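The values are calculated or read from the model by the stated rules, or taken from the named source; none is laboratory data. On a predicted model such as this, the values are computed, not experimentally measured, just so you know. Cβ placement follows ideal geometry from the backbone for every residue including glycine, while neighbour counts extend to all protein chains displayed.
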Amino acid sequence: MYYEKEFVFMKKILEKINIRLNVINFDTIIDDNYNIAFHGIVKLLNKQKRFCDYFPELKERTLYKVSDILGCHYIFIRTLIMDEDRIIIIGPFLLQEITHVKILEKAEQLNFNPQTLSQLEYYYSSVPVLRDEGQFFAIINTFSEHIWGGVDSYSVVDLDHDDASLLTFDKQEKNLRNENDVNWKIDLMEKWYEYEEQLLLAVSKGQIHKAEQMLSSFSTLAFENRISDDLRNFKNYSIIMNTLLRKAAQDGGVHPIHLDKISSDFAKRIEQMSSVNTVKQIMTQMLNDYCRLVRKHSIKQYSSLVQRAIIKIEGDLTADLSLKELAQLNNVSTSYFSALFKNETGQTLTDYVNNQRINYAKHLLKTTNLQIQTVAQLCGILDLHYFSKLFKKYVGKTPKEYREIKTLI
């Protein structure tokens, strides 16, 4: 394949944002497997036609932007792949979130009957939404420039649904799948649950960027309207998501002591939502915060002895966190526990405790006006002189110098 590495790279980027990429021959016979418009909802009237019969004018060195009668968008690229005339089809995708009201209007425009409306809603819920259109087209344009030799080496053509006969259907015959045929609905539901599992797995591993990318292509239409109040409906789903993310973070090795506060805080914020427009904002914040918890507090990789010690350390920095105390907590000798802790964490117990205390001190110095002595006490160090000395050893500045610099910033 010409430019195989570049093609594979672009495909992987698109997969990250859940946008489909297919490659077919120019003379491929279009059947249900290639029904790129309705994704199995609307059958094609003539299944024996080839792709080139629908789009005979597609040329090389041209990037085609295609829109269909549902307002979904695609990219067509005709190029040689392994010496064969091939068509790269990217899509479908939406350029903006579509609401239930817009779906009703579209159904009326297309003469959909009420029995098939749910099919249309499920279809839209499976189509990813581009929230950064500029970045997306930058990827496509960069690929096109690379394979064709520069920004002036190709042209861009827009095709609407009037030109794209492949993406239309016979309104008179209303050639829709039987409503009793639930295979289309089962397929979409299975894809949604698979998506949900992948999202929760990303959170359990603390993969913030992957989780954000998945959410960015997520449509709120996947939230089935179980009640007529849209805001209450979204609140209910947000509560469910909060619970699922908390469980995912726990599976990622975060102890409940860290999960309880963040879960409670989001439960309050969800109930205080006054508009459906804030749903994505809260969802994004939940993903970020739970992923960060996994990154910061995951102890899944440690033995039960070390896990117990870390939970005690992070749970109360003012407690007695000496080697003797933590060894007694695990009913083992100090020498054994010291070696075990160093082997598993890569730090001595003293360094680990000091790092936790100094990091908390930095947080308090940046976010509060508490006296330095009070900060020291909250970090479990009663001797102010020793605290200042320890802080400078780990940070390179005294607590006072650190606070002054952060205040200036």
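Could you run through the range 98-145 and say how many residues are more than 29 Å from K5 (Cα to Cα) and among the charged types (D, E, K, R)? So the answer is 5. Between L365, L370, L340, L321, the distinction of being in a helix (DSSP H, G or I), in the same structural domain as K397 (by TED's automatic domain parsing) and more than 15 Å from Y394 (Cβ to Cβ) belongs to L340 only.
Restricting the range 300-318 to residues that are of a type in the set (S, T, N, Q) and not in a helix (DSSP H, G or I) leaves a set whose member that is modelled with the lowest pLDDT is Q301.
Look at E60 and say whether it is modelled with pLDDT of 80 or more, more than 23 Å from S155 (Cβ to Cβ) and of a type in the set (D, E). Considered against the rule, which asks whether it is modelled with pLDDT of 80 or more, more than 23 Å from S155 (Cβ to Cβ) and of a type in the set (D, E), E60 comes out as no.
For the range 362-375, the criterion of being modelled with pLDDT under 95 and touching an Asp or Glu at 6+ places or on another chain (Cβ under 8 Å) is met by no residue.
Per-residue answers, yes or no, for (1) in a strand (DSSP E or B); (2) at pLDDT below 75; (3) charged (D, E, K, R):
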{"position": "Y2", "(1), (2), (3)": "no, yes, no"}
{"position": "I19", "(1), (2), (3)": "no, no, no"}
{"position": "V23", "(1), (2), (3)": "yes, no, no"}
{"position": "I36", "(1), (2), (3)": "no, yes, no"}
{"position": "R86", "(1), (2), (3)": "yes, no, yes"}
{"position": "Q96", "(1), (2), (3)": "no, no, no"}
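Scanning the range 63-84 for residues that are part of a strand (DSSP E or B), out of contact with any strand residue (DSSP E or B) (no Cβ under 6 Å at 6 or more places or on another chain) and either of a type in the set (F, W, Y) or surrounded by fewer than 16 Cβ atoms within 10 Å (Cβ to Cβ) (or both) yields L80, E84.
From the list F51, F55, F112, the one residue that fits, being modelled with pLDDT under 80 and over 30 Å from S144 (Cα atoms), is F112.
Candidates T318, T284, T278, T334: the one that is touching a Cys at 6+ places or on another chain (Cβ under 9 Å) and surrounded by fewer than 19 Cβ atoms within 10 Å (Cβ to Cβ) is T318. Only one entry of I257, I262, I240 meets the criterion of being at pLDDT 70 or above, in a helix (DSSP H, G or I) and surrounded by 14 or more Cβ atoms within 10 Å (Cβ to Cβ), and that entry is I262.
Residues in the range 325-349 that are of a type in the set (F, W, Y) and without any contact (Cβ under 8 Å) to a residue 12 or more places away in the chain: Y336 alone.
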